[in-house]
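Peer 1: My questions will all concern the structure given below.
The values are calculated or read from the model by the stated rules, or taken from the named source; none is laboratory data. The shown structure was predicted, so the numbers you read here are calculated from the model rather than taken from an experiment. We place every Cβ from the backbone using ideal geometry, glycine too, and count neighbours over all the protein chains shown. Surface areas here come from the heavy atoms of the whole protein model, side chains and all, with no ligands, DNA or RNA. Shrake-Rupley method; radii C 1.70, N 1.55, O 1.52, S 1.80 Å.
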Amino acid sequence: HTRFRNVTGVQTCALPILSMNIGIDMMGGDFAPMEAVKGVQQYLAKTKNNLFCIGEPIQLEKLFQQHGLSSPFLHIVPATEVIGYHEHPTKALKEKPNSSIAIGFKLLATGDIDAFLSAGNTGAMLVGAMFSIKPIKGVLRPTIATLLPKLNGKTGLLVDVGLNADCKPEQLNQFGILGNLYAKYILNIEHPKVGLLNVGEEEGKGNILAQAPYPLLKENTALQFIGNVEGRDVFNDKADVIVCDGFTGNIILKTAEAMYDAAAHQNLANDSFFGRFHFENYGGTPVLGVNKPVIIGHGISNAKAFYHMIALAEKMIQTQFCDIITSNFENL
């Protein structure tokens, strides 16, 4: 068992067995560890779950003291190294076993924590998820999704948004399943409508990649497949889950971020629609299809973003979301 310090004291002891244990990389992100500490403070002011803050102990203890943050639910797990943004993910995880990300995945793999989140090196988080936690049996490729603000005030899901730039039809079919489960159990959409992103609504439209998944999704009895959707449907209520390859999805994601920047430039950042584009309102994105909850945050995450990442981790644990995916893929 990894050793840790409880913030209510300086003693060191083994990680206890507790009902809900969430691990946080406190050193990942442009504004870490300060904003991570503020996010932890916001979370503990509303909800009491055990937070294991992985990072440089002297820095963390000093910041906790400055913010008057002391709680029996708050623990420090010492990590003496940090993986930078420009480091090679696989090499860094191997050469920096005492980094906050490497220790986080070690704790997650051993069951000492139930979920792990970071706003640090995205590549290292994905490599750690793939090789430390491993994909759920039957999942061809894990995926990442982003939330889509809808014009009617609802929220949808776009999947994949960058993890899989080159995809096969079978993978897009599974992205539909994973997105459908996330919409149902995390977003609380009772009967999610799943659409395939294409250049037209007709079944025969699009390139080979857009045409090939259509019959697979159409025959998939686990989904309410509504057919093709176009780019103009991304922010309306036609589909709750939109499936595409990661190359296309990432372009849409970055375009949406640019829309928010443009709105902010025009003093529309607080508009009821455009304001919902700000990443801090969602915190981070989970890696869908791996055995335990792993959440990746934006590199510029602030306190509010960290708060929402922790809250998402809590909901994924609470709903036993990874077990739901496992059960569904066992039944396929």
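Peer 1: Among the residues in segment 197-216, are any crowded, with 23+ Cβ neighbours inside 10 Å, in contact with a Leu (Cβ under 6 Å, 6 or more places away or on another chain) and more than 29 Å from residue 318 (Cβ to Cβ)?
Peer 2: yes
Peer 1: Further, regarding this structure: If you go through segment 278-316, how many residues are open to solvent by 40 Å² or more (accessible area, probe 1.4 Å), more than 16 Å from residue 144 (Cβ to Cβ) and either charged (D, E, K, R) or in a strand (DSSP E or B) (or both)?
Peer 2: Final tally of qualifying residues: 2.
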